[in-house]
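Report on the following structure.
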Amino acid sequence: MRRRWMAAGAALVVLGTLAVGPPASAAPPPEQHCVVDVATEEMNCYDSFRKAMAAASGGRITDAPDDARAAAVDPAFRRLLSGGGRKLDGVGAAQQGFVAQADIVIGTMYEDDNYAGSTLTYRAPSGCTVPTTDVDWVVELITPDSWNDEIGSFLAGGGGCWVSLFEHRSWLGASTPFASMDDELGVLDDAASSIRWS
Ligand SMILES: [Ca+2]
Ligand SMILES: [Ca+2]
């Protein structure tokens, strides 16, 4: 009995220690870089953009800039992305590069405009067909909830995919035209709730 009482006392001490820690608001939350499989909706998060890119590309892109904004504005990285992670030159070679590969990085959503803040990267089992009159991949409602009405900019381009964002779930409301990247979303800033890729 005595041993059991002492164990309970120890637990109370631990709880007391937690309660007097520094306030949670002392530092801004660290940036998170998450990867969602658009087909299975499985999500994994990382503490760096480079790790997220490695996971999203099936290990092919291991040297992405650690700074997510630097990646978006780097033409060499964008070429690497559109080639499915193979270092190819020229649009024709890049177009061939992603065909028949798995784990295509079809788009990275940024929390803030101008490619700043945390990121949410979508991975797909295949890329997109060239015409944007069809729909190749979709997200009917952006999850997790912390990302709904939160996107400020995006970089698409992987697997030949372009992105269109919609104000409401199920591709309703205002939308952005299909684009390979956009640093400022206008009326859709912090408003997007669903996504189409083509
Ligand atoms: Ca919305
Ligand atoms: Ca298409």
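What follows is calculated from the coordinates using simple rules that are stated; it is not laboratory data. Nothing here was measured: the structure is a model prediction, and the numbers come from that model. Cβ coordinates were reconstructed from backbone atoms using ideal geometry, including for glycine residues, and neighbour counts include every protein chain displayed.
Cβ-Cβ distance of A39 and A76, R₀ of 25 Å, FRET efficiency by 1/(1 + (r/R0)^6): the value works out to about 0.30. Computed extension gain for H168 through S146, at 0.36 nm per residue and net of the alpha carbon distance, reaches 6.4 nm. Each residue, D112 and D47, gets one label point 7 Å from its Cα in the Cβ direction; the gap between the two is 2.1 nm. Rounded to the nearest Hz, the phi-derived 3J(HN,Hα) couplings of the stretch 109-119 under the Karplus curve 6.51 cos²θ - 1.76 cosθ + 1.60 (θ = phi - 60°) are 9, 10, 4, 10, 5, 6, 6, 10, x, 5, 10, where x marks glycine and proline.
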